[in-house]
Amino acid sequence: MRFKLPFLLILALLVGAITYAQNFKSPAEFLGYEIGEKFTRHHRVMDYFGHLGETNPDRIQLKEYGTTYEDRPLMLAFISSAENMANLEEIRQAHIANTNGQGNPEIAIVWMSYNVHGNESVSTEASMQTVYELLTTKKEYLENTVVIVDPCVNPDGRERYVNWYGQYKNSAHEVDPNSKEHHEPWLNGRANHYMFDLNRDWAWLTQKESQQRIKVYNKWLPHVHVDFHEQQVDSPYYFAPAAEPFHEVITNFQREFQVTVGKNHAKYFDANGWFYFTKEVFDLLYPSYGDTYPTYNGSIGMTYEQGGSGRAGLGIVTSLGDTLTLKDRIEHHRTTGHSTLEIASKHAKKLNEEFKKFHQTKDYKYKSYVLNGKKDKLKALTDLLDQHEITYGKANSGSIRGFHYSTGKTGTLRATEKSIVVPVDQKKGTLVKVLFEPKAKLTDSLTYDITAWSLPYAYGLEAVATENSIKYEASADGKNVNNNPNLTDAYAYIAHWNSFSDARFLAHLLKNKIKVRFAMKPFTLDGQKYNRGSLIITKSDNQNNKSFLTTLSTAAKAYDKQITPTNTGFVEAGKDFGSYYVQMVPNSKIAVLTGNPTSTLRFGEVWHFFEQQLEYPVTVLDESYFDHVALNEYDILVLPDGDGYGNFLTDSISEKITEWISNGGKLIAMGGALKSFAKNKSFPLKAKENVKDSTQIAPNFDYSQREQIKTEITGAIFKTHVDTTHPLAYGYDEVYFSMKLGSDSYDYLEKGTVVYLDENNVEPVSGFAGSEAKKKIGNSMTFGSINHGKGQVVFMVDNPLFRGFWESGKLFFANALFMIN
Ligand SMILES: [Zn+2]
């Protein structure tokens, strides 16, 4: 039965008092098997929580907060004593008032997130047992604690794994690690439907699950947030305190409390003879995790990692010869869950005091961030800020001095009433500092993730960070009122091409059968200047389209585009509309390769880009039948990043693709796909070699780990140059800040290098790059394009679609699709 919350709640209220006690069942009694004997399907987990809500309406309330891409419900359980639950909203308000220094609340708020990673499937099982015991044997914690449980943050990812496991599991599972049930196929792993890692998405909110969750999260801002995970089978359990580097904003109390929690867990693990480790691997820097994001919002944010993950199934033999069962894994997560609640309940008063202090102290070097940019780009940023409930406002006109992002030095930004000010002195001030600061301070270069993410670079905005507070006017209501009038009859209509939002508008027109041209040269008409890439929509091209004007008007309103009608194609400067330099945007049929050659995450980014961002249809072609596909049915083929191209690009497949390009196909090759093309003599692409001297022998293991990082770039931002005359760069300025995820690099192309890193800019503007890596990336191509026969190849060395958050890079991808002919 499909779980229907409102109905269950009403039912619970009506019959709760009667059924309570006699019908209240443990997970085993309800499900008909002991927890850990099998994986519980998501709908049954929802049913069990529904049962808890029905039988304990005074102590547990359920809230459906959204649905996933595959339409599964996302649900939170709020659990506390009957007295607290009767005052739940008052408790929440008092807690949030504490961020303004008001009141002295003493109730601890603990949020526990289970199964954010799909195939780390133990935690949803553990959530049921944990909550059941919380309502029975551990109910004393609830006297002064509100517990918020998300039993499954990523239902689509978990069901993908659980469904697959059910299909391949031996009858009475097989513990031999070689058995198929321990080897997930491609499209495996931790990610959600679109292969996004939701534990990298807390700050960027590109995914539906994150967007819906953050609304409730911001309402509560818990004192403690725990993210339950799994790691490789042989790893002992990991819990707090976390590893260095810690971001510098993390307070002494936040550090100390991690130790307090860790020691409490250790007490139970020691008593049971279980192994664990702390202070290693899992650092607190990158702001988009389920531990750091809460930490930067005043919480004690923690990751707990059980050994197991997508390999362990119901049981598996470890390398030491022990058998690790699902029951063991549940037991460990159950233990840390309760231990967390025990310690939070014990220190509830202190947690409240420190939470208040956290929100009073925002004494950071930079007090305000001031940003300039085109309307669409500012809008993209303020949309994100709105979701984080970050306050911002309009600047007053004038010069503002501060650290200037594009020069990396002290400089001046000319503010107008369109400029945006983001103050640090606000409830979300610490988060503002972390997301906006030009450089995150690294206490150690050995980190688990990217080391730079600064939003002005990611959104392609001009910005200064100021050491004094800049005055601003609160934005009216943050929402733009779109007053674009309906279009009337004209010779043609012109729209600018500056932002990814323009590309979405174009995609919408193409899907609605509107024919659109674009200008390859700048032009002036009626005194107005238009840059390369500007869209020209003529009446004559669309004369057979009866709903032409209505469609165009509606689209202009929906995408908030200013469309300028003109009664002539005769320009004052530049090329007339009938010129060769005004070309038709092709209505292309696009395919993306999927399967083993590609990385699941990188493929997912392309897939999500087309369906959820650009909203343009794409055919997903699997490598397993690629050789049977008639490629001439497609105009564009995207090869996402991956390291399996060596096996895929056999001579015959390479020949097939090369011939298709010669005949007019357009290939977009990303990351790892380029490596194989560099080996193909038909294409003028040359990979740069590592300059490292490998003859040196490391004196010890520690040294060699440190040496290794010299060749690496761990997600850092670089200043690149742009050839703005090339179609791949329409809408861009001369400088682009690129997120580089590794040191793979390629020489300049003889012709067609569009974005490049010269030898003077090998020092990242933010983030870490090893000394050897820096030698290698000088004078290398970032994006480029070549003609081959009648077709083209676009090379993307860096990934503008990485995790969907590098907003300023997305127009390059749109240009590759629409502007290169
Ligand atoms: Zn995980």
* Output for region 145-163, where each listed residue is open to solvent by 20 Å² or more (accessible area, probe 1.4 Å) and either of a type in the set (Val, Ile, Thr) or more than 16 Å from the ligand (Cβ to nearest atom) (or both) -> ASN163
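Within the group SER652, SER676, which residue is modelled with pLDDT under 95, in a helix (DSSP H, G or I) and open to solvent by 30 Å² or more (accessible area, probe 1.4 Å)?
Matching residue, one of SER652, SER676: SER652.
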* Structure fact -> Within region 154-190, the residues that are charged (D, E, K, R) and not in a loop (DSSP other than H, G, I, E, B) are ASP156, ARG158, GLU159, ARG160, LYS180, GLU181
* strands (runs of 3 or more DSSP E) enclosed by region 426-497 - at least 3 residues per element that are modelled with pLDDT of 95 or more, aliphatic (A, V, I, L, M) and in contact with a strand residue (DSSP E or B) (Cβ under 9 Å, 6 or more places away or on another chain) -> 462-466, 492-495
* Structure fact -> Restricting region 183-201 to residues that are touching a Lys or Arg at 6+ places or on another chain (Cβ under 8 Å) and within 24 Å of PHE78 (Cβ to Cβ), the one farthest from the ligand (Cβ to nearest atom) turns out to be ASP201
* Structure fact -> Residues of region 106-143 being within 21 Å of SER299 (Cα to Cα), open to solvent by 30 Å² or more (accessible area, probe 1.4 Å) and of a type outside the set (A, V, I, L, M, F, W, C), in sequence order, are GLU106, GLU143
* Within region 556-564, can one find any residue that is open to solvent by 70 Å² or more (accessible area, probe 1.4 Å), without any contact (Cβ under 8 Å) to a residue 40 or more places away in the chain and within 27 Å of ASN484 (Cβ to Cβ)? -> no
* Asked: Going through region 307-339 one residue at a time, which ones are polar (S, T, N, Q), under 30 Å from the mean Cα position of the chain (by Cα) and closer than 25 Å to PRO185 by Cα?
  -> SER309
* **Residues of region 690-715 satisfying the condition of being in contact with a helix residue (DSSP H, G or I) (Cβ under 9 Å, 6 or more places away or on another chain) and at pLDDT 85 or above** => LYS710, THR711, GLU712, ILE713, GLY715
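For residues that are small (Gly, Ala, Ser) and surrounded by fewer than 23 Cβ atoms within 10 Å (Cβ to Cβ), scanning just region 768-790, find the one that is nearest to LEU817 (Cα to Cα).
For region 768-790, the residue satisfying everything is GLY789.
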* Has region 797-810 got at least one residue that is in contact with a helix residue (DSSP H, G or I) (Cβ under 9 Å, 6 or more places away or on another chain), open to solvent by 10 Å² or more (accessible area, probe 1.4 Å), assigned to a loop (DSSP other than H, G, I, E, B) and under 20 Å from ILE661 (Cβ atoms)? -> yes
* For the subset of region 498-529 comprising residues that are of a type in the set (A, V, I, L, M) and part of a loop (DSSP other than H, G, I, E, B), which member is most open to solvent (accessible area, probe 1.4 Å)? -> MET520
* Hey, could you check region 202-232 for residues that are of a type in the set (Ser, Thr, Tyr) and away from the ligand (no atom under 16 Å from the Cβ) and say which is least open to solvent (accessible area, probe 1.4 Å)? => TYR217
* Asked: Mind checking which residues of region 251-299 are aliphatic (A, V, I, L, M) and open to solvent by 70 Å² or more (accessible area, probe 1.4 Å)?
  -> ALA271, VAL281
* Give me the pairs, please: first residue somewhere in region 72-95 and part of a helix (DSSP H, G or I), second residue anywhere and polar (S, T, N, Q) and surrounded by 15 or more Cβ atoms within 10 Å (Cβ to Cβ), beta-carbon distance under 7 Å, and either six or more positions apart or on two chains. => MET85/GLN61; ILE91/ASN84
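The values are calculated or read from the model by the stated rules, or taken from the named source; none is laboratory data. The model shown is predicted, which means the values in this text are computed figures rather than measured ones. Neighbour counts run over all protein chains shown; Cβ positions are idealised from the backbone, glycine included. Remember, those area values only see protein heavy atoms, side chains included, never the ligands or the DNA or RNA. Shrake-Rupley method; radii C 1.70, N 1.55, O 1.52, S 1.80 Å.
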